[in-house]
Every structure is written in structure tokens, then in C-alpha cells.
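**Student:** Supplied in C-alpha cells, the structure appears directly below.
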Amino acid sequence: MKKILFAIVAVSAVASFSQEVRPAGHPRTTIAIDTSRPGREVSDYLFTVNHRFPRGGFGMLNERTMKAFPDFVEKTRKAAGCVRWPGGTVANLVNWKETIGPLRERKIQYLGNLQHGPDFPYYGIDEHMAYCEEIGAKCLIMVPFAGCKSAQDAADLVEYLNAPNDGSNPGGGMDWAKVRAKNGHPKPYGVKYFEIGNEMHDRNQRYWMNRPSFTGPDKDFQAKYANGDTVRGKDGQPEKHDGFADFARAMKKIDPSIIVCSSLKDIWDYLEDKSVCDGVIIHEYKASLGKVSTKRELYDKWVSRGDSMSIAFPKDIAKALANAPRKDTHALITEFGIMPCPPVWTDGKSGLTRDESRILGRGLQLATILANLVPDPSVEMLTFQGFTAYVFGGGPGIGSAGPVFNAMYAPDPMDPKKTICSSMALAYEMFWPLRGGKVLPVALTDNPGVSSEYVDSYKALVAVAARTKDGRTALLVVNRDPERSMTAKLAVPGMELPATVSASVMNGPDICSFNSPAHPEEINISTVELPVKNGCVEFPAHSIVTLVL
């Protein structure tokens, strides 16, 4: 697979109404880029991925060397801008202090909901931070609300990650920066974002909050989460637990610069001190596609979901911030996806089974979402739900959380040192040069529509523009038409277009192509020279194209 170091621009046209369907390459189709008004920076946090610590990070860790496999490092380097640890549901009970230091000093962790059983923490917090540093990614920490015994545990975590190793020991007691240095990392990691607990609205993830208050009327679980409570323990004795407010105060006492967010969006209705909350967490999951009977139906449903999700996310962010008492409040999407992803094929002949969630159309769906939301100033963080999993077997799963069939990456079961990239992973990689640049306004006019008997017709082209860090103009165009190439005129004021332009193209032979151990590069990224005729460029059917002007 050839990889290109280009800056990218993506513009996504969202349409929930019927579109005019015209012949491919209609001469009126224009992509106009305004280079005079650079917008916000394309942040690494827009390319956050949800990683999970169990099973050695689901096969990406060489448990002999305690480092990520080199092939995994190389293939994820340009895709992941920020990586979440230790995960979501599976990680609510993690005690971070038992995941550091020599293996002989670590302890088995019980995974979330308990139904998933125990797991040894080979992929602890230092292994995660080492991986992030190796690929140049940032880190998002989900602080296990049930796994941390107290707010002090959470404060110790911040000290371990962010305090200088100079004897200052801001938390008192154990000098956690010194412990970090002893474990091989003298410099602070500098983590900015922390979320307290995962999906506290889910009864199966509340743990002690499901127990009755020890005195007086039983408090709502939201009040327990927000302010803490003394509940009746399993032995009938009082059991005191700190709440979000205690966690936030203790953590920010160690490092006032960090952002501490609540996993409950309505936390302000329950906090006694509303000022302690820096932001709220949003998880965006949409319903499964349901039964599908043809390849075209499968493709159209994936692609069109990109439009609807692009519309929904900013609305949900605005709703989450509507009652925020502070103007600087954050709203972070720390998981998004379509769940569940069961087999949807019904004719018994396709052979796709679970692979339908990683077809080429799924990659175009994610490119659509990113292209639409990268320019949106309300979107601070976007986190794709599945980073790695044993998609093709070859390693132990963990019940319902093991076979994440929509994972971006999976180990090759015949050679675990090798990593197989999905269409979603490659779509993220196509945005690599965009990161760190400045979004440029793009106007896409006379954009042909794609008709479908399965969903409302949708726009063929998606595009957005950015000024790269070295001052060039880059363009990423998604042609979602499943059959037709699309020709569009590029309008860049003050720029004389060359006769040809070097571009990277992500594509596959078929709209339902997917990568697997049998054909790991059926969908791939290649380098091509695209002719520019009278300012017009032809974009292949069902592709993502990145070019630099």
C-alpha cells in the first residue's frame, strides 16, 4: 500500500432531501476554495480513537517486548490523532495503580459489567503513553469512576501523568512523578483531557451508585455521581464514595490546566457547586442498518448515514451545552459509531457476514462525517468507537465487547505481528496532511445527486479545504457515487492550475470491497497523476482523493 504525505481538504455536502440527479461530470459542477479566509486549526483531537486495554490492547502489543508491534505503529501513525485509554465499558473497574511498574507488581483487573471476566494489564498506562508518543498522538484518559477508590486516586493519576519530576510532589504523600520516572519516563506526559467514568446513565455501569443511600431517602444515581454518597455496602455497613465534584477538585489541584468532564450530560441539575465541571461527554451511537438484501442497499445505507450523523452531532453538542453555567464549557464526543453491527446480509450468497461493517462504503461514511465536522467550530473532539479488535479471530475476545466487527484495525490471525487495515482506518489516514493546517471555506455548487431506491437521494461529492502548515492549498474530495466518476472544475482565485497534479486515491474494485487476511489490501491508497483539463479534475467512482495545489 502506497501512502502519500499530502495536506487534505474535505468538504461534505449534507442533504436529507431529494437531490436533482444529473449525468456524471456535469460541466456546472464547481469546487471553489477561498484561500483568503483561513479558519480554525484542524486539531488532532478530531481524529481521536477509542482504544481498550484488555488482551494487550487486542493484539497490538508484543507482550514479550511490551511495545506495540512495528507494523501496527507504522499503519496507525497517520490515522490516530489522539488515543483514549483504558477504554469505555470494559474499563470502568480498572485500578490504574495496578497497571504500572514491573509485570510482577501488576494485578489482574476485572473488566466492566463483570460479565467479561478478568484480564492481566499488559497494556498499562505507560505502555499506552509510550505508544502515543511513538506515533505522535495525544491521549484522552477515561478515569474509571468505580476503579478509583477515591478522589485522591484520581489526583494521584494526574500527578503520575503530568507533574514534573522535581520533588514538588503537588499531591503530598507518594511522589507519583518520581514513581513515573522510576518506571522509565522522567518527563511529564502532559495529558489535557479527562472524563470521569463511562456511561453513568447505564444501570450496568453504575456499580456502587446502584446501592441505597445509608441514611435518609435514597438519592438519585445522578446525585450520587455528582456529589458522592455513603451507601449501604454489601456487608450492610456504611461505604463512603467520592463524587464527580470531589474528583474534579482534587485533580485540578494537581494540574489546574486540565479539562475534567462529566459522563452525565445533565450533571448541572445535581451539582452543588456547578463551577467544578469543565464539560460533558457525549456518546453518539445510531441504530444498526437492519436487514439488507443487496450490495447497493448496503452501500447506500452506510453512505447516507454519514450525512445524517453529520447533522445530528452538532445539534447534540448544542443541546448538551444549553444549560451550562460557564461560557467556556466543553462538550466532547468520546465515542461514536453504529451499534450493534450484526450480520445484515440476507440472501445467503454474499459471504460478507460480519465484514459488511468494514466495506468501502463504511470508509466513505467516516470521510463524510469528518469532512462535514472538521470545519465546525462547535466540534472539539470526535472519537471513533472501535480502534482494534480480534475481528478475524486469533485471540481471546471478551464476550459482547470482544468482536468489535467495525474496528479500524485487526491482527492477522496467521501472523499476529501483522495488522490489517479497514476502510475506516484508511479513510482516517487520508486526512493526515490536513492535521495542523487551517480550514479554508469551500463552496461546492451544482453537485450531482445520487438516486437510490433504498434511501433518500444524496449528493455525490463531499469536499473541504485547508491551508497546510507549509502554506499550500490541499483538497480532499469524496465521490460517493457508486457507479460514476465525477468531473468538477476547481476554482482557486489567483492560482494557475498545473496540467497534472499528484494525488492519493483510496479505493477498491467494488462498493462492497473489504480487507481481510485473504486480501489485506483490496482497499488501498495509491499514488496517481491526475490530469487537469481546463481546470477540471475527474474523481473516480466510490473513492476518496487527496491532492495538493
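Nothing in this text is a laboratory measurement; each read-out follows from the coordinates by a stated rule. Note that the structure is a prediction, hence the values are computed from the model and not measured. Quick reminder, even Gly has a Cβ in these numbers, built from the backbone with ideal geometry, and neighbours come from all protein chains shown.
**Student:** Kindly rank 517-527, 77-87 from highest to lowest mean number of other beta carbons found within 10 Å of each residue. The partial results should precede the final answer.
**Tutor:** On the way: 517-527: 15.5, 77-87: 24.2.
Sorting 517-527, 77-87 by mean packing, highest first, produces 77-87, 517-527.
**Student:** Something else now. FRET efficiency for Glu538 and Ser378, Cβ-Cβ distance as r, R0 = 30 Å, nearest 0.05?
**Tutor:** Here the calculated transfer efficiency is 0.30.
**Student:** Which FRET efficiency value, to the nearest 0.05, is calculated for Thr527 and Glu41 with the Förster distance at 30 angstrom and r the Cβ-Cβ distance? Write out the running numbers ahead of the final one.
**Tutor:** Values: r = 27 Å, r/R0 = 0.90.
Approximately 0.65, to the nearest 0.05.
**Student:** Taking 22 Å as R0, compute the FRET efficiency from the Cβ-Cβ separation of Ser213 and Ala322 and round it to 0.05.
**Tutor:** On the way: r = 30 Å, r/R0 = 1.35.
Between Ser213 and Ala322 the formula returns 0.15.
**Student:** What number comes out for the charge environment of Pro482, summing +1 per Lys or Arg and -1 per Asp or Glu over other residues with Cβ under 13 Å away?
**Tutor:** That sum, taken over residues with Cβ under 13 Å, equals -1.
**Student:** Mind jotting down the distance between the C-alpha centroids of the stretch 361-389 and the stretch 76-116, whole Å?
**Tutor:** With the stretch 76-116 and the stretch 361-389 each reduced to a Cα centre, they are spaced 24 Å.
**Student:** Average projected area of the Cα convex hull of the stretch 169-229, in nm²? Write out the running numbers ahead of the final one.
**Tutor:** Numbers: hull surface 26.5 nm².
Result: a mean projected hull area of 6.6 nm².
**Student:** Filter the cross-link list Lys178/Lys252; Lys224/Lys252; Lys75/Lys265 down to pairs whose alpha-carbon distance in this structure exceeds 29 Å.
**Tutor:** Beyond 29 Å between Cα atoms: Lys75/Lys265.
**Student:** Using only the Cα atoms of the stretch 228-302, what are the Rg and Dmax in Å?
**Tutor:** Considering the stretch 228-302 through its Cα atoms, Rg and Dmax are 20.8, 60 Å.
**Student:** Let me ask another. If we count every other residue with Cβ under 14 angstrom of Leu140's Cβ, Lys/Arg +1 and Asp/Glu -1, where does the sum land?
**Tutor:** My count for the surroundings of Leu140 gives -1.
**Student:** Here's another thing I want to ask about it. So who's got an amide H within less than 5 Å of the one on Phe514, skipping anything under 5 residues away but keeping other chains? H placed 1.01 Å off N, in plane.
**Tutor:** Residues meeting the criterion, in which the H sits 1.01 Å from N, do not exist here.
**Student:** Additional query: Only Cα pairs under 8 Å and at least 6 apart count here; give the relative contact order of the stretch 438-549 as a rounded whole percent.
**Tutor:** With pairs under 8 Å counted, the relative contact order is 30 percent.
**Student:** Quick check: pseudo-label points 7 Å beyond the Cα along Cα→Cβ at Arg249 and Asp166, how many nm apart are they?
**Tutor:** 2.8
**Student:** Could you please state, rounded to a whole Å, how far the C-alpha centre of the stretch 489-549 is from the C-alpha centre of the stretch 186-211?
**Tutor:** Answer, in whole Å: 41.
**Student:** Report, in order of residue number, the helices in the chain meeting two criteria: a C-alpha extent of 27 Å or more along the helix axis, and a mean Kyte-Doolittle hydropathy of at least -1.0; treat each whole DSSP H run as one helix.
**Tutor:** What comes out of the filter, once short or polar helices are dropped, is 295-321.
**Student:** Which residues does the label zone of Thr445 cover in the stretch 473-489, counting backbone N under 18 Å from a point 7 Å along Cα→Cβ?
**Tutor:** Under 18 Å, as judged by backbone N against the label point of Thr445, lie 487-489 of the stretch 473-489.
**Student:** Dipole of the chain (Lys/Arg Cβ +1, Asp/Glu Cβ -1, origin at the Cα centre): which of Val442, Gly147, Gly87 lies farthest to the positive side?
**Tutor:** It is Val442, whose Cα lies furthest towards the positive end.
**Student:** Further, regarding this structure: Starting from the Kirkwood radius over alpha-carbon pairs of the stretch 113-182, derive D by Stokes-Einstein at 10 °C in a medium of 1.306 mPa s and give it in µm² s⁻¹.
**Tutor:** 115
**Student:** If we count every other residue with Cβ under 13 angstrom of Glu159's Cβ, Lys/Arg +1 and Asp/Glu -1, where does the sum land?
**Tutor:** 0
**Student:** Still on this structure, please answer the following. Let's see if you can work this out: charge +1 on each Lys and Arg Cβ, -1 on each Asp and Glu Cβ, no other charges. What is the dipole magnitude of the chain about its Cα centre, in debye to the nearest 20?
**Tutor:** 320
**Student:** Taking the Cα atoms of the stretch 466-549, what is the range of coordinates along each of the three principal axes, in descending order and whole Å?
**Tutor:** 48, 29, 18
**Student:** Considering the alpha-carbon set of the stretch 141-294 alone, what are its Rg and its Dmax in angstrom?
**Tutor:** Here Rg and the maximum Cα pair distance are 18.0, 65 Å.
**Student:** Using 0.36 nm times the number of residues separating Asp456 and Glu496, minus their current alpha carbon distance, what extension gain do you get?
**Tutor:** So the extension gain works out to 10.6 nm.
**Student:** Still on this structure, please answer the following. For the chain, what percent of Cα pairs sit more than 33 Å apart?
**Tutor:** When every Cα pair of the chain is considered, 42 percent fall beyond 33 Å.
**Student:** Let me ask something else about it. Among Val545, Leu46, Gly393, which residue has its Cα furthest toward the positive end of the charge dipole of the chain, with +1 on Lys/Arg Cβ and -1 on Asp/Glu Cβ?
**Tutor:** Checked the options; the winner is Val545.
**Student:** Note down the relative contact order for the chain as a percent, whole number, built from C-alpha pairs under 8 angstrom at least six residues apart.
**Tutor:** 25
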